[in-house]
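Engineer: Below are the structure tokens for one structure; questions will follow.
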Amino acid sequence: MTLRTDLQLIAGWIAPGAHVLDLGCGDGALLAHLRDAKGCRGYGVDIADDNVLAAVRKRVNVIQADLESGLRMFEDDQFDTVVLSQTLQAMRHAEDILREMARVGREGIVSFPNFGYWRHAVSLLAGRMPVTPQIPYQWYDTPNIHLCTLKDFEILAAKLGLRITARAVLADGRPVTVLPSLRATLAVYRFETR
Amino acid sequence: MVVKPGSVGIVTPQAMHFAEPLRLASGASIGDYTLMVETYGELAADRSNAVLVCHALNASHHVAGVYADQPRNVGWWDNMVGPGKPVDTNRFFVVGVNNLGSCFGSTGPMSINPATGRPYGASFPVVTVEDWVNAQARVADRLGIDRWAAVMGGSLGGMQALSWTIQYPERIAHCVAIATTPKLSAQNIAFNEVARTAIRSDPDFHGGDYYAYGVVPKRGLRVARMIGHITYLSGDDMAEKFGRSMRADDYQFHYDVEFEVESYLRYQGDKFSEYFDANTYLLITRALDYFDPARATGGDLKRALAPARAKFFLASFTTDWRFSPARSREIVEALVANDRDVVYAEIDAPHGHDAFLLDDARYHNVVRAYFEGIAEDCAARRPAEAGA
């Protein structure tokens, strides 16, 4: 089974044998891949019943919990890497979860849809909230309540003392080098928390 | 008799006698005791597929199936254990044990004390969850099981599964603990004390030696069961089941049954008082009260669970206010801090504590998926020549 492009990229940034916490782990694909390909250990957290079931079927350690109530279950500095993939934009307490990631992990990896993507701007200029394959929701029923641009995220990271060490930007699954803040549909950041 | 598909069918309990005294946490010991045991499925040649199912307050070794002479007496976790069920008896050899001090054939307060020739009654020693686990370990020895593929239980049964991982870390591969807690809260102990007070204050209790008088403190047992039953259900569940439904069309202005919920509680209480032993109720609720593995480590559950080597599956139910999800999360937190493998499912079910006994697809699917993993582990540990 092939891993989603952004998860492949994330996996590439995680050291063999690392202790990993995957927040919003979905069906556990990333953790299963990290276990099988890199000998990593760790836990996934997800709120949805079907995701928990799918993760159990992949023999992944999964904890059913709401990330909004924080990461109280985990101790300071417990993980080498904490991953939050395509979840930040849907979180009510977006700033808090980043702080919590910094508390429990030495390194963080965050991915999110880039609201600065040019098609979004075009849609706004035409007077409508954007609806694209990356954020395929109408404004009134979207789970994505905290959309941001690359620059927005970088400013928040700086405010929280997260030191960005790598950034990858993808457009429809392919890396983007020219005009990333306009052309990227998805951004992936790697940062140190100390 | 027609056996339902998915049922283990007709089962026969066996009585295991143990001559060697078992030393108890209290310092007392009990010798010459019997434990009732039922098994389902086949023990693999390499004995790797054994699952112990631990019972809670009022259940027994009769986990699944029916008895030939009692076709309606279905095992208490029959929806969980059987061929093709989440704990699949086509794959696993499942063992149910009636705990020491219970009243379904194992030695308990109603049994004859060989030293006196009379029922133990009030003199039966207080036993703990740890004592039960030690007794279960002897059953495992007797069956030739060095290591359980899993020890499983809900509520008080989950406490036993948890305790196995601390007491016999090398003898349990997976701990499956559902709707349980690392220790009772003050509120929980308070409910138990109300139940015990109801029993002790029944004039037929006779200080626990009622057997000699040919009576049973049924009134006390009834109240104990009624209060217990209320705490096993959620408020929403009761509202849905009964609401304010009444027997008559209008108030009758008396104190007999007016509301359906009263009728239900009286029925449950009556039924319970017909089959359950009052001393056993005291004994088991006290075992519940005492369970607190972190007591030995200054209240630190992480340190208490440090010896555990098992992999863990925990589940709780959102409307369970007796053993709430927060209590299961405490266990998960301690396990994660110890870097143990753990799966935790928090199931949004309306049925309160009782949910662990009910057939809910989300709950059963995730247990089934976890046991498929246990079966894979069993196969992986099996030597190649024994495979297939």
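Engineer: Does residue A:56 fit the bill of being of a type in the set (A, V, I, L, M) and either assigned to a helix (DSSP H, G or I) or away from chain B (no Cβ under 14 Å) (or both)?
Structural biologist: Against the criterion (of a type in the set (A, V, I, L, M) and either assigned to a helix (DSSP H, G or I) or away from chain B (no Cβ under 14 Å) (or both)), residue A:56 qualifies.
Engineer: Another question about this same structure. Quick one: in region A:19-39, which of the residues that are more than 16 Å from the chain's Cα centre (by Cα) and within 13 Å of chain B (Cβ to nearest Cβ) is farthest from residue A:78 (Cα to Cα)?
Structural biologist: It comes out as A:32.
Engineer: Which of the residues spanning region B:15-31 are surrounded by 14 or more Cβ atoms within 10 Å (Cβ to Cβ) and in contact with a Ser or Thr (Cβ under 8 Å, 6 or more places away or on another chain)?
Structural biologist: Hits for region B:15-31 are B:16, B:18, B:22, B:24, B:25, B:30.
Engineer: Quick test for you: out of B:288, B:357, B:283, pick the one residue that is surrounded by 17 or more Cβ atoms within 10 Å (Cβ to Cβ) and within 24 Å of residue A:56 (Cβ to Cβ).
Structural biologist: Checking each option against the conditions leaves just B:357.
Engineer: A follow-up question, please. Hey, any hits in region B:360-372 for a residue that's farther than 21 Å from residue A:58 by Cα and not β-branched (Val, Ile, Thr)?
Structural biologist: So far as region B:360-372 goes, yes, one or more of its residues are farther than 21 Å from residue A:58 by Cα and not β-branched (Val, Ile, Thr).
Engineer: Right, here's the next one. Can you find a residue in region A:6-18 that is surrounded by fewer than 20 Cβ atoms within 10 Å (Cβ to Cβ), in contact with a helix residue (DSSP H, G or I) (Cβ under 8 Å, 6 or more places away or on another chain), within 14 Å of chain B (Cβ to nearest Cβ) and modelled with pLDDT of 95 or more?
Structural biologist: The answer is yes, given that some residue of region A:6-18 is surrounded by fewer than 20 Cβ atoms within 10 Å (Cβ to Cβ), in contact with a helix residue (DSSP H, G or I) (Cβ under 8 Å, 6 or more places away or on another chain), within 14 Å of chain B (Cβ to nearest Cβ) and modelled with pLDDT of 95 or more.
Engineer: Restricting to region B:309-328, give me the number of residues that are over 14 Å from residue B:158 (Cβ atoms), crowded, with 20+ Cβ neighbours inside 10 Å and touching a Ser or Thr at 6+ places or on another chain (Cβ under 8 Å).
Structural biologist: Number of matching residues: 1.
Engineer: Just for region A:101-121: of the residues that are surrounded by fewer than 19 Cβ atoms within 10 Å (Cβ to Cβ) and modelled with pLDDT of 95 or more, which one is nearest to residue A:167 (Cα to Cα)?
Structural biologist: If we take residues in region A:101-121 being surrounded by fewer than 19 Cβ atoms within 10 Å (Cβ to Cβ) and modelled with pLDDT of 95 or more, then A:106 is nearest to residue A:167 (Cα to Cα).
Okay, residues lined up against (1) on the phi < 0 side of the Ramachandran plot; (2) within 11 Å of chain A (Cβ to nearest Cβ):
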{"site": "B:304", "(1), (2)": "yes, no"}
{"site": "B:314", "(1), (2)": "yes, yes"}
{"site": "B:320", "(1), (2)": "yes, no"}
{"site": "B:329", "(1), (2)": "yes, yes"}
{"site": "B:333", "(1), (2)": "yes, yes"}
{"site": "B:348", "(1), (2)": "yes, yes"}
{"site": "B:352", "(1), (2)": "no, no"}
{"site": "B:361", "(1), (2)": "yes, yes"}
{"site": "B:370", "(1), (2)": "yes, yes"}
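Engineer: Just wondering, is there one or more residues in region A:81-102 that are within 26 Å of residue B:332 (Cβ to Cβ) and within 14 Å of chain B (Cβ to nearest Cβ)?
Structural biologist: There is at least one residue in region A:81-102 that is within 26 Å of residue B:332 (Cβ to Cβ) and within 14 Å of chain B (Cβ to nearest Cβ).
Engineer: Can you give me the ranges of the strands (runs of 3 or more DSSP E) entirely in region B:1-96 with at least 1 residues that are under 23 Å from residue B:179 (Cβ atoms) and touching a helix residue (DSSP H, G or I) at 6+ places or on another chain (Cβ under 8 Å)?
Structural biologist: So the answer is B:50-54.
Engineer: Still on this structure, I have one more. Report whether or not residue B:374 is of a type outside the set (D, E, K, R), within 13 Å of another protein chain (Cβ to nearest Cβ) and closer than 23 Å to residue A:54 by Cβ.
Structural biologist: Yes.
Engineer: With the requirement that a residue be assigned to a strand (DSSP E or B) and surrounded by fewer than 22 Cβ atoms within 10 Å (Cβ to Cβ), what does region A:25-52 give you?
Structural biologist: Passing the criteria: only A:41.
Engineer: Considering only region A:173-194, state which residues are modelled with pLDDT of 90 or more, among the basic types (Lys, Arg) and over 27 Å from residue A:106 (Cα atoms).
Structural biologist: Correct list: A:183 only.
Engineer: So, residue B:279, is that one in contact (Cβ under 8 Å) with a residue 24 or more places away in the chain, within 14 Å of another protein chain (Cβ to nearest Cβ) and out of contact with any strand residue (DSSP E or B) (no Cβ under 8 Å at 6 or more places or on another chain) or not?
Structural biologist: It is false that residue B:279 is in contact (Cβ under 8 Å) with a residue 24 or more places away in the chain, within 14 Å of another protein chain (Cβ to nearest Cβ) and out of contact with any strand residue (DSSP E or B) (no Cβ under 8 Å at 6 or more places or on another chain).
Condition check ((1) modelled with pLDDT under 95; (2) surrounded by fewer than 20 Cβ atoms within 10 Å (Cβ to Cβ); (3) within 30 Å of residue B:373 (Cβ to Cβ)) across all residues:
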site	(1), (2), (3)
A:61	no, no, yes
A:65	no, no, yes
A:73	yes, no, yes
A:78	no, no, yes
A:99	no, yes, no
A:123	yes, yes, no
A:132	yes, yes, no
A:136	yes, yes, no
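Engineer: Let me ask you something else. If you go through region B:162-215 one residue at a time, how many are in contact with a strand residue (DSSP E or B) (Cβ under 7 Å, 6 or more places away or on another chain), outside any helix (DSSP H, G or I) and among the basic types (Lys, Arg)?
Structural biologist: 0
Engineer: Given the criteria more than 11 Å from chain A (Cβ to nearest Cβ), touching a residue at least 12 places away in the same chain (Cβ under 8 Å), over 17 Å from residue B:180 (Cα atoms) and in contact with a helix residue (DSSP H, G or I) (Cβ under 7 Å, 6 or more places away or on another chain), does residue B:381 qualify?
Structural biologist: no
Engineer: Taking the condition of being surrounded by fewer than 20 Cβ atoms within 10 Å (Cβ to Cβ) and closer than 16 Å to residue B:109 by Cβ, how many residues in region B:129-145 meet it?
Structural biologist: Summing the residues that are surrounded by fewer than 20 Cβ atoms within 10 Å (Cβ to Cβ) and closer than 16 Å to residue B:109 by Cβ in region B:129-145 gives 0.
Engineer: If you go through region B:107-118 one residue at a time, do you hit one that is modelled with pLDDT under 95, aliphatic (A, V, I, L, M) and surrounded by fewer than 17 Cβ atoms within 10 Å (Cβ to Cβ)?
Structural biologist: yes
Engineer: Here's a follow-up. Looking at region B:46-75 only, could you name the residues that are touching a His at 6+ places or on another chain (Cβ under 8 Å) and surrounded by 22 or more Cβ atoms within 10 Å (Cβ to Cβ)?
Structural biologist: B:55, B:61, B:63, B:75
The values are calculated or read from the model by the stated rules, or taken from the named source; none is laboratory data. These figures come from a predicted structure and were not determined experimentally. Every residue, glycine among them, receives a Cβ derived from its backbone with ideal geometry; neighbour counts consider all protein chains shown.
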